[in-house]
Amino acid sequence: MKRVVAGPRAVLEALRARAGAIHVIYVEEGATTKPNRELESELRAKNVKVEPRPRAELEALAPDGRHQGIVAITGEYPYTSLEEALVAARERPLFVALDEITDPHNFGAIVRSAVAFGADGIVTLKDRAAPVTPVVVRASAGATEHARIARVTNLARTLASLAEEHEMQIVGLAMDGEVAIDELPEAERGRVLVIGSEGKGMRPLVRKQCTVVARIDMEGPVASLNASVAAGIALHAASRARARELSE
């Protein structure tokens, strides 16, 4: 099954990460603007076929209209297994687990933050969750092409396994958390950040698996944050905590 990656940044990251999996790149026929220098350089370096196509064809492939004159056609998104992600993880791994994140823009933004802050893997659900789509790829600015994303059937059971078998610290994120996100206890075997759904937060069975529930302290009048914004703040804090722990 073909997958469409649309927009210069997303196509560039797909070329960098998985050039061999790209079947063809279509550019807008007769377009007056050219790809940026980075993308042009990558296109020259990789042996990928580039073909001009009418704008209408690009619009059909990327119906959200945000292709900016370039789309790549590739195969299905290469999800990884959780076991593979754990094997590839660095010392004191950092994972992100998403509990029913259904909005593709939030999903993409979380993936972008996860890759930016060095997360070793992202765990999401096979059902009741957004899959990797062109909208997700674009919202992530192409970070999906560098991420290890695993899909599981039962998140609570997966978290229990990560805690019991891998001795990882499971950190849930909630407004009523008992510790501040920048005061996490040490995680000798790594940690998993759990981000709840956009509307309801973590489900009770998922929260029950958490070693600790952390909050983001805020001084302003706004009581809550968007899921992807909260995830970005928590990832930054967890990344700094891992760096401190590894340096001690």
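The values are calculated or read from the model by the stated rules, or taken from the named source; none is laboratory data. Here the structure is a predicted model, which is why all the values come from computation and not from measurement. Please note: Cβ atoms are built from the backbone with ideal geometry, for glycine as well, and neighbour counts cover all protein chains shown. Heads up: the accessible areas ignore ligands, DNA and RNA and are worked out on the full protein's heavy atoms, side chains in. Shrake-Rupley method; radii C 1.70, N 1.55, O 1.52, S 1.80 Å.
Within straight cross-link reach of LYS2, meaning Cα distance under 13 Å, which aspartates and glutamates are found once same-chain residues fewer than 8 apart are removed? In chain and number order, the partners are GLU76.
Could you grab the relative contact order for region 1-132? Cα pairs under 8 Å, six or more apart, rounded to a whole percent.
Normalised by residue count, the contact order of region 1-132 is 28 percent.
Once the 1.4 Å probe is applied to the protein heavy atoms, the chain comes out at 50 Å² accessible per residue.
Computed extension gain for LEU225 through ALA88, at 0.36 nm per residue and net of the alpha carbon distance, reaches 46.2 nm. In the chain, the calculated helix contribution to ellipticity at 222 nm averages -10500 deg cm²/dmol per residue, counting -39,500 (n - 2.57) for every DSSP H run with n ≥ 4.
If R0 is 41 Å, the Cβ-Cβ spacing of ARG189 and ALA17 corresponds to a FRET efficiency of close to 0.90. The slack in the chain from SER247 to ALA160, taken as 0.36 nm per residue of separation less the alpha-carbon distance, amounts to 28.5 nm.
Largest mean-square fluctuation among SER81, SER41, SER228, in a Gaussian network model of the chain whose springs join Cα atoms under 10 Å apart, belongs to SER41.
Tilt of helix 104-116 relative to the longest C-alpha principal axis of the chain, in degrees (0 to 90, nearest 10)? With rounding to tens, the tilt is 80 degrees.
If contacts are Cα pairs under 8 angstrom and at least 6 residues apart, what is the relative contact order of region 147-248 in percent? It would help to have the intermediate numbers written out before the result.
Working: 130 pairs, mean separation 33.1, N = 102.
Normalised by residue count, the contact order of region 147-248 is 32 percent.
Here the Karplus curve 6.51 cos²θ - 1.76 cosθ + 1.60, taken at θ = phi - 60°, turns the phi angles of region 186-193 into couplings of 4, 10, 5, 10, x, 9, 10, 8 Hz, with x standing for Gly and Pro.
Could you work out what % of the accessible surface of region 78-186 is carbon and sulfur, using a 1.4 angstrom probe and leaving DNA, RNA and ligands out of the count?
The computed percentage sits at 48.
Shown here for region 1-100: trypsin sites (Lys or Arg not before Pro) in loop regions (DSSP other than H, G, I, E, B) with at most 12 other Cβ atoms within 10 Å, namely LYS2, LYS49, ARG66, ARG90.
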